[in-house]
1. Straight-line reach only, C-alpha to C-alpha below 23 angstrom: list the lysines that K26 could link to, leaving out same-chain residues fewer than 8 apart.
2. From Cα pairs below 8 angstrom and at least 6 apart in sequence, can you work out the relative contact order of the chain, rounded to a whole percent?
3. Name the long-range amide H neighbours of L150: under 5 Å, sequence gap of 5 or more, or other chain; modelled H, no Pro or chain starts.
4. Just check segment 167-225 against the gyration tensor rule for me: Cα atoms, a ≥ b ≥ c as the square roots of the eigenvalues, rounded for a/c under 1.5, and otherwise prolate or oblate depending on whether a/b exceeds b/c.
5. Would you please give the residues with an amide H less than 5 Å from that of N159, counting only those at least 5 places away or on a separate chain, with H modeled from the backbone geometry?
6. In what order, largest first, do W226, W29 sit by accessible area if the probe radius is 1.4 Å?
7. Can you give the accessible area of M229 in Å² (nearest 10), computed on protein heavy atoms with a 1.4 Å probe?
8. Over 26 Å apart: what share of the alpha carbon pairs of segment 55-200 falls there, rounded to a whole percent?
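The values are calculated or read from the model by the stated rules, or taken from the named source; none is laboratory data. None of the values given here were measured: they were computed from a predicted structure. Keep in mind that these areas ignore ligands, DNA and RNA; they rest on the heavy atoms of the full protein, side chains included. Shrake-Rupley method; radii C 1.70, N 1.55, O 1.52, S 1.80 Å.
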Amino acid sequence: MQDFIDLSAWSGEALRQLIELAIHLKTEWQAGGNRPVLHGKVLAMVFQKPSLRTRVSFEVGMLHLGGHAIMLGPNEIGLGQRESIADVARVLSGYAQGIMARVFDHTHVTELAAHATVPVINGLSDDQHPCQAMSDMLTIYEHFGRLDGLRIAYIGDGNNMAVSLAQAAMHFGAQFALAAPEVYQLPAQAVAAAVALANSTGVTLEQHIDPEAAVRGADVIYTDTWVSMGQEGESAARLAALRPYQVNERLISQARRHAIVMHCLPAHRGQEITDGVADGPQSVIFQQAANRLHLQKAILVQLMR
Ligand code: CP
Ligand code: NVA
């Protein structure tokens, strides 16, 4: 049994196969519909935080594959409060053939996996967002026809999104250049884990303070919120420190002419990204959102068939 929690637990080859399967499932869907390969199977979706894309794309994905998804919101099961995480994992394993969980503390998803007898998928934790990062690799691949040798610039907070993107970039031989203020750089442990995945010589993880240094020569410019879910109490300090890291028209003009602009959404327009860039010709943000469906179908098929 395999889980999808941390991209560093997967091989580059297995992740490549996931992208191939996603392309196959997307083509099949566009040609009239997917074969019901998950007929009769159920995905339990545990949410400790809000969601639009993750919740809807997993539910629709299960529907398209002939299965069913059950939404369990933060006030329903009381993960680790009404009942221990281990017991929730054991109980859900008796009803469902897979568990997808969105949590605060990353160890809560690993604890679920340790006690579940069905595959567990990380639908975002405070530390990582692997489903989004792999969906984004699909979007980048669709755009450029390759991943290796590209330069991905990530501008803003060195958060869960940045960690999973850095891991994916290293797996696929893409250069990853992050620009963030000193206090919001990637955690040192996450940098070490990502660098250990680098599959080709010459691919490195750059950490800059200056956003222009990261963006120069970039094929992809990525940003995310400055205040992640659970950090609301730090809003004022974060907004002040990260203001120079806005992805705006001036900044993207420093990248390669063909560069695409990405954001996992939800976007805070006027903060980390301007309306002009989010809605501009280089933006692929809604293609990214749509690709969550296709890439996660590949995860579901791979883990639950
Ligand atoms: N990008 C993303 O995970 O969106 P949601 O928080 O809406 O699921
Ligand atoms: N970094 C953001 C991603 C949301 C999809 C958060 O954790 O809130």
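1. Those lysines meeting the cut-off are K41, K297.
2. Numbers: 609 pairs, mean separation 61.5, N = 305.
The normalised contact order for the chain reaches 20 percent.
3. It is Q175, by chain and number.
4. Working: a/c = 1.91, a/b = 1.24, b/c = 1.54.
Oblate shape, in that a/c is at least 1.5 and b/c is the bigger or equal ratio.
5. For N159, no residues qualify.
6. Values: W226 10, W29 90 Å².
The ranking, largest first, comes out as W29, W226.
7. 60 Å²
8. Details: 3824 of 10585 pairs.
Pairs farther apart than 26 Å: 36 percent.
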